1. Could you grab me the full set of residues in segment 232-246 that are in contact with a Leu (Cβ under 7 Å, 6 or more places away or on another chain) and not in a loop (DSSP other than H, G, I, E, B)?
2. Among the numbered conditions (1) crowded, with 20+ Cβ neighbours inside 10 Å; (2) under 30 Å from Phe231 (Cβ atoms), tell me where Ser123 comes up short.
3. As an exercise: evaluate Glu10 against (1) farther than 21 Å from Leu252 by Cβ; (2) under 17 Å from the mean Cα position of the chain (by Cα); (3) at pLDDT 95 or above and give the number of the one condition it does not meet.
4. Taking only segment 92-109 into account, find how many residues are surrounded by 19 or more Cβ atoms within 10 Å (Cβ to Cβ) and either of a type outside the set (A, V, I, L, M, F, W, C) or at pLDDT below 95 (or both).
5. Out of the residues in segment 194-231 meeting the condition of being among the aromatic types (Phe, Trp, Tyr) and assigned to a strand (DSSP E or B), tell me which one is farthest from Leu17 (Cα to Cα).
6. Could you please let me know if Glu191 is assigned by TED's automatic domain parsing to the domain that holds Ser27, more than 30 Å from Ala23 (Cα to Cα) and not in a loop (DSSP other than H, G, I, E, B)?
7. Quick one: would you say Glu212 is of a type in the set (Asp, Glu) and surrounded by 14 or more Cβ atoms within 10 Å (Cβ to Cβ)?
8. For residues that are in contact (Cβ under 8 Å) with a residue 24 or more places away in the chain and assigned to a loop (DSSP other than H, G, I, E, B), tally how many sit in segment 54-107.
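The values are calculated or read from the model by the stated rules, or taken from the named source; none is laboratory data. Because the structure is predicted, anything quoted here is derived from the model rather than measured. Cβ placement follows ideal geometry from the backbone for every residue including glycine, while neighbour counts extend to all protein chains displayed.
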Amino acid sequence: MNIRILEKDENSIKFILEDVDVAFTNSLRRIILAEVPTMAIDDVIIIENSSPLFDEIIAHRLGLIPLKTDLDAYVLPEKCECGGEGCANCQVALTLEVEATDGPMTVYSGHLKSQDPKIVPVSEKIPIVKLAKGQKLVLEAYARLGQGKEHAKWQPVSVAAYKYLPIINLDYEKCDQCGACVEACPREILELKNGELVIGDVFNCNLCKSCEEACDLEAIKISFDDRTFIFTIEGTGVLPPERILEEAVKILAEKADQLIEEMEKVKGT
């Protein structure tokens, strides 16, 4: 297996996986979505709420606020020595106390105060509730590590997707440079330059085959490499995209080791 990074920024990464099959690639995608742990608010204690929203709605909104995650300092509750009761190793407390004294105001995620400066909302501008003058909201919230298979609020990504590597075959002997395929391509990959058809960024092809259907001379054929995939990860900001990928690979390796151990047990019986 080979990996080539195509693009990378603060919250996303695009790379090529070579010499793997679709089963392996899809396993990686599913683990990213369902098993890479992240931090999210799970318990909320409402102390005072005179806002127009019910306690349950506010708690639901708090749970969906993405929190920056430190996987080196915290563990999943089921793996914690406290047995999931809640301690400094598996849980973080956040507080919120806001009162609209001067007039209407909006309570944002930035009003949450965390006991751990590393576990804070990804953005301070996520609205929670609007308060009229004199209304107040006071609460305690407890965040813990969880996995996407338990609830979507623990998913570390908004996108985890892959596609086959497109292959564009052009027969220049058949092509009459009519430009029909250029007009048909929705991604503008094909271009006529100096009377010659030029293939641009093949990675941007979505395999729709519109260009192939538009060519009456059958000069262009679209196929794909079933052992090479273009993989895209777009994080929510809770973890760096490379850390998400790293954790997913670790989890996949652990599952493979467990399978080998169970197979050895079966052989030994």
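1. Here is the first cut: in segment 232-246, the ones in contact with a Leu (Cβ under 7 Å, 6 or more places away or on another chain) are 233, 238.
The one that is in contact with a Leu (Cβ under 7 Å, 6 or more places away or on another chain) and not in a loop (DSSP other than H, G, I, E, B): Ile233.
2. Every condition holds for Ser123 apart from (1).
3. (3)
4. Residues of segment 92-109 surrounded by 19 or more Cβ atoms within 10 Å (Cβ to Cβ): 92, 94, 96, 98, 100, 107, 109.
If we keep only those that are either of a type outside the set (A, V, I, L, M, F, W, C) or at pLDDT below 95 (or both) as well, we get 109.
Of the residues in segment 92-109, 1 are surrounded by 19 or more Cβ atoms within 10 Å (Cβ to Cβ) and either of a type outside the set (A, V, I, L, M, F, W, C) or at pLDDT below 95 (or both).
5. We begin by selecting, within segment 194-231, every residue among the aromatic types (Phe, Trp, Tyr); these are 203, 224, 229, 231.
Right, trim to assigned to a strand (DSSP E or B) and you get 224, 229, 231.
Details: Phe224: 14, Phe229: 5, Phe231: 7 Å.
Here the answer is Phe224.
6. On the way: assigned by TED's automatic domain parsing to the domain that holds Ser27: yes; more than 30 Å from Ala23 (Cα to Cα): yes; not in a loop (DSSP other than H, G, I, E, B): yes.
When the stated conditions are applied, Glu191 passes them.
7. Details: of a type in the set (Asp, Glu): yes; surrounded by 14 or more Cβ atoms within 10 Å (Cβ to Cβ): yes.
In short, yes.
8. Going through segment 54-107 one residue at a time, the tally reaches 18.
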